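The structure under discussion appears below in the form of C-alpha cells.
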Amino acid sequence: WASDVDEFAPDDVQTVLVGNKADNEFRRQVTKDQGYKLAEHYGMDFFETSASTSSNINELFIRMTELVLLAHRRNVDDLLGSLDDYLDKAALEEEKGSPENGAQRTCAC
C-alpha cells in the first residue's frame, strides 16, 4: 500500500502510519517495533492508537494537522516567491517603458 501512495499520490502528500487496537494485545498483528521500522523505512511518523481508550488519538490528529499545515506553508511560500519574481519583472518592464526627459504619460494603461 505504501508503494501505491508513492506511485499515485501527489508528491507533497502527507503520510502517517497508524496502528490501531493498541489496547488489545490479543488482536495485535504487528508489533510496535515493526510499526516503527516500517514507518521509518517510508519516512513517516508512527502512532499506536486505541479508539476504545482514546490513546494517542489527539496526538495523531495534532501531528497530521501540523504536517498538512507545513506542506501548505511550503506551497504558499513558493507561490509568494513566484509572485515576488513576477512583480519585480513587471516593475522593471514598467521602468523601461516609462517616458524619458520628464514627459508626462497621458494614459495609465
Checklist entry - Got at least one residue in the range 67-86 being at pLDDT below 90, surrounded by 10 or more Cβ atoms within 10 Å (Cβ to Cβ) and basic (Lys, Arg)? => result yes
Next on the checklist: For the range 25-57, which positions are within 22 Å of VAL13 (Cβ to Cβ), assigned to a helix (DSSP H, G or I) and either in contact with a His (Cβ under 6 Å, 6 or more places away or on another chain) or of a type outside the set (D, E, K, R) (or both)?
Outcome noted: GLY35, TYR36, LEU38, ALA39, HIS41, ILE57
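So that you can scan it fast, the table gives a plain yes or no per residue for (1) surrounded by 11 or more Cβ atoms within 10 Å (Cβ to Cβ); (2) touching a Cys at 6+ places or on another chain (Cβ under 9 Å); (3) among the aromatic types (Phe, Trp, Tyr); (4) modelled with pLDDT of 90 or more:
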{"site": "ASP11", "(1), (2), (3), (4)": "no, no, no, no"}
{"site": "VAL18", "(1), (2), (3), (4)": "yes, no, no, yes"}
{"site": "LYS21", "(1), (2), (3), (4)": "yes, no, no, no"}
{"site": "PHE26", "(1), (2), (3), (4)": "no, no, yes, no"}
{"site": "GLY35", "(1), (2), (3), (4)": "yes, no, no, yes"}
{"site": "HIS41", "(1), (2), (3), (4)": "no, no, no, yes"}
{"site": "PHE47", "(1), (2), (3), (4)": "yes, no, yes, yes"}
{"site": "THR53", "(1), (2), (3), (4)": "yes, no, no, yes"}
{"site": "ILE57", "(1), (2), (3), (4)": "yes, no, no, yes"}
Next on the checklist: Pairs needed: first member in the range 39-56, farther than 10 Å from LEU17 by Cβ; second member anywhere, among the aromatic types (Phe, Trp, Tyr) and surrounded by 11 or more Cβ atoms within 10 Å (Cβ to Cβ); C-beta distance under 8 Å; at least 6 residues apart or different chains.
Outcome noted: ASN56/PHE47
Checklist entry - If you go through the range 1-40 one residue at a time, how many are over 19 Å from GLU59 (Cα atoms) and among the basic types (Lys, Arg)? => result 3
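The values are calculated or read from the model by the stated rules, or taken from the named source; none is laboratory data. All values derive from a computational prediction rather than experimental measurement. Here Cβ is always computed from backbone atoms with ideal geometry, including for glycine, and neighbour counts include all displayed protein chains.
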